[in-house]
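Here is the structure we will look at.
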Amino acid sequence: MCRLLSNGRIMRRQSILFIVPIVLILAFVLAACGTNTGSGSSTGSTPTSAPTTVKSTTTGCPNNAAVNPAPVTPNVTIRLTNSNGTIVAHNGDLIEVRLPFGQQWSLPTTTGNVMQLQTPAGYAVSADKVCIWHFIAKSTGTATLSFSAKAICKTGQMCPLYIMRVPFTIDVK
């Protein structure tokens, strides 16, 4: 740009003062667009626009353990249809919870000190297509078992984002 002074001389504005900051900003922006080919680990997380996927078995059970021989027959069997209801058991009973394949099941949370979780917990029985948890009723009282389930997501595919809460109330007499 040119500017006409009062004495008739033309003075050119120093455009270099405007170009240098723009070039520096452009250089920093382009440097941030590079790729990282290092093999080191990072403690930070990288935000992505893709849905989050969780590693899971194809069954959705939290445990891949094989149980041999088969456990003893339970005194009480709880199924998904018993959710939001009260199940009656007796002190010392073996309680079996059977939840169907197709959801990613979590290990349960328990209220009260009435039930004791047996291991392995949440293992798959392919013949019945269920995940199984065993509990021993160790004292009288009421306990609530709360399981949660999420969708089994496959890498690179859209995945519904939900968490389903499945509570069971067990009254041990």
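Two numbers describe the Cα atoms of region 81-140: Rg and Dmax, which are 12.1, 34 Å. Label zone (Thr81, point 7 Å along Cα-to-C-beta; backbone nitrogen cut-off 16 Å) within region 130-166: 130. A simple spin-label model places the labels of Val88 and Lys154 4.6 nm from each other, with each point 7 Å out along Cα-to-Cβ. Region 66-97 and region 117-131 have Cα centres spaced 12 Å apart. State the extension gain, in nm to one decimal, for the chain segment bounded by Asp171 and Val125, taking 0.36 nm per residue of separation less the distance between their alpha-carbons. Answer, rounded to one decimal: 13.9 nm.
Available extension along the chain between Thr109 and Val72 is 10.9 nm, counting 0.36 nm per residue and deducting the alpha carbon span. In the context of the full protein assembly, Lys138 retains an accessible surface of approximately 90 Å², using a probe radius of 1.4 Å and ignoring ligands and nucleic acids.
What does the net charge come to around Val172 if you take all other residues with beta carbon closer than 11 Å to its beta carbon, with K and R at +1 and D and E at -1? Walk me through the intermediate numbers first.
On the way: positive: Lys138, Lys173; negative: Asp93, Asp171.
Once positives and negatives cancel, what remains is 0.
Projected onto its three principal axes, the C-alpha set of region 116-173 covers 48, 25, 17 Å, listed from the longest axis down.
The values are calculated or read from the model by the stated rules, or taken from the named source; none is laboratory data. Keep in mind it's a predicted model, so treat the numbers as computed, not measured. Cβ: placed from backbone, ideal geometry, glycine included. Neighbour counts: every protein chain shown. Remember, those area values only see protein heavy atoms, side chains included, never the ligands or the DNA or RNA. Shrake-Rupley method; radii C 1.70, N 1.55, O 1.52, S 1.80 Å.
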